[in-house]
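One structure is given below, encoded as C-alpha cells.
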Amino acid sequence: MFETGSFTHLPENKARPQSAWDWVELFLEAATESPAGVLGHAYFDAAPGKRLRQQHLVISFAVHGNEWGTLPAAVDLLWGLKSGQLVCNGPISLLLGNLDAIKRDVRFVEEDYNRVFTFDGKRESIERRRAEHVRPILDEADFFFDLHQTQTKTESAFWTFPYTSQLADWARVIAAAPRALVRAPGGAFSQGQRCLDEYVRLRDKVGITVELGEKGADLHQAVAAYGAVVRLIEAYDLVCTGERTLRELADNAPELNWYETVEVIAPPSADARLKQGLNCFTQVEQGEVLSAPDSPLIIASQSGYVLFPKYPAADQPAPPELLRLAVPVHDPQLRYQL
C-alpha cells in the first residue's frame, strides 16, 4: 500500500505531502464533519442497513506534535473509509492529537498533551484546551487505539499498557509490535498525571498504546500503522458481532515478549545528562555508568533495558525523569497474580 511510494486510497490528483502540517491539511480537507465539532476529527458510521456493531472505535494519531510519522496512514485510512474501499461496520473515529504542536514540529507547546487528561483545572494551556475539546469523543469511545513514536531510536516497536489479559490479547491480535512494556493492572504511567488511553480505561473501556519507532517521517512506520488499524477494524467487528472471540483470535496471533519497569531514574541535578547512544531497549549491565562525562553520576542499579531516555537541549534543565529501566517478565499473568 505504501511500499512503492503511492497510496492505495489517496486520489491520484493529490500530491504527496512533504511536511507534517501538509499531511494535517490533507486530512482536514477530506475529513467528514465531526459530531463533536472537533478540528482534526473524522467520523464514519456504517452505511444504512450495514451497521453490525454499536461500539465506537477511536484511532488516535500524533498526540505529540513531533511524532507525526503515522499521519500518512491517517490520511489513507480516511480516504479509504470515505470512498467505501475500507468497510465500516460501525462507528469509527480518526482523531489527530496536538495540532498546535504538529504545526510547530515540537513535542508539545506548553505542557505534555498526553498527561493532562486529569481535568483538574490546575492551569490553562493550549494542551488542556485541546483536551477539553476532544473529551466528548473519548467519553464515547469503546475502544481507543493510540499510535505513538518515541523521542529516540528504539530497537523495535513496543506496546505500553497496564497488564490485563484483555489488553494482552488485543495487542497480539493487532500485531503492531513484538514487545510490550507492561505494569500492574490499574497502574498509572506517570503518577499524578493521566494519558488519553488511561482516561478511556477509567470508563472501563479498552485503551491501548503502541510506540512504533523514532519520531518523524518514516515510510515503514506509516505502513505498520495502516496495517495495524486495518487488522483492528476487522478483528473488532468479528468480536463485537460474536463471530469470533478475542481469545480465539489471540491464540492464532504471534506471542509477545514482555517487560516491566523496575526503576524510574530521576536526574540527581538539573545539569544531569545521559551518555550518548542510549535508545529504547538498549541493554545495560548492573553498575554500568549511564551518565555523560562531566555529568553527575548515574549508574544502572541492575541489569536490564533502557526505556524512554531523555536528551534535553544544553540550555534546558533535566526533565523529572531521565529514563526507565525495564526487565523481562516471563509470565505476566503469574507476575500480577491474575
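What follows draws every value from the coordinates through simple rules; no lab data is involved. These figures come from a predicted structure and were not determined experimentally. Because the Cβ atoms are built from the backbone with ideal geometry, glycine has one as well, and the counts that use them run over all protein chains shown.
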Taking the convex hull of Cα positions in region 81-234, its mean projected area over all directions (nm²): 9.7 nm²
Residue order, fewest to most surrounding Cβ atoms within 10 angstrom, among E285, E127: E285, E127
Of the DSSP H helices in the chain, those whose Cα atoms cover at least 15 Å axially and whose Kyte score averages 1.0 or more: 219-240
Proxy reagent accessibility, fewest Cβ within 10 Å first, across W23, W79: W79, W23
GNM result for the chain, Cα springs below 10 Å: residue of A36, A20, A235 fluctuating most strongly: A36
Residue among N279, L77, A217 farthest towards the positive dipole end of the chain, charges placed on Cβ: L77
Peptides 139-145, 11-17 ordered by average Cβ neighbours within 10 Å, highest first: 139-145, 11-17
Interchain or long-range residues, amide H under 5 Å from Q149's placed H: L212
Derived scalar couplings ³J(HN,Hα) [region 276-287; Karplus, 6.51 cos²θ - 1.76 cosθ + 1.60; whole Hz; x for Gly, Pro]: 5, x, 8, 10, 5, 6, 5, 7, 10, 9, 4, x
Selected from P320, A177, L249, residue furthest toward positive end of dipole (the chain; charges at beta carbon): L249
Efficiency of FRET between N13 and E132 - r from beta-carbon atoms, R0 45 angstrom, step 0.05: 0.75
Net +/- balance of residues flanking D139 in space, Cβ distance below 10 Å, scoring K and R +1, D and E -1: +2
5 angstrom amide H check on V329, placed H, neighbours 5+ away: W258, Y259, E260
Stokes-Einstein translational diffusion, region 1-145 - Kirkwood Rh over all Cα pairs, 1.567 mPa s, 4 °C, in µm²/s: 81 µm²/s
Per-peptide average of other Cβ atoms within 10 Å, ordering 222-231, 56-65 highest first: 56-65, 222-231
Dipole moment magnitude, nearest 20 debye, the chain about Cα centre, only Lys, Arg, Asp, Glu C-beta charged: 320 debye
Cα Rg, Dmax (largest Cα-Cα span) when computed across region 260-338, Å: 13.7, 46
The chain - percent relative contact order, Cα under 8 Å, separation 6 or more: 16 percent
Other-chain or far-sequence residues with amide H under 5 Å of F108's (modelled H): G65
Partners for K275 among lysines (Cα-Cα distance below 21 Å; same-chain residues under 8 apart left out): K153, K215, K310
For region 52-165, size of Cβ-based charge dipole, Lys and Arg +1, Asp and Glu -1, in debye: 120 debye
Segment A46-V264, extension gain: residue separation times 0.36 nm, minus the distance between their alpha carbons: 74.0 nm
The chain - mean residue ellipticity at 222 nm from DSSP helices (-39,500 (n - 2.57) per run, n ≥ 4, rounded to 500): -8000 deg cm²/dmol
FRET efficiency estimate (nearest 0.05) - Cβ-Cβ, R123 to Q276, R0 35 angstrom: 0.55
Normalised convex hull volume, the chain, alpha-carbon set, Å³ per residue: 141 Å³
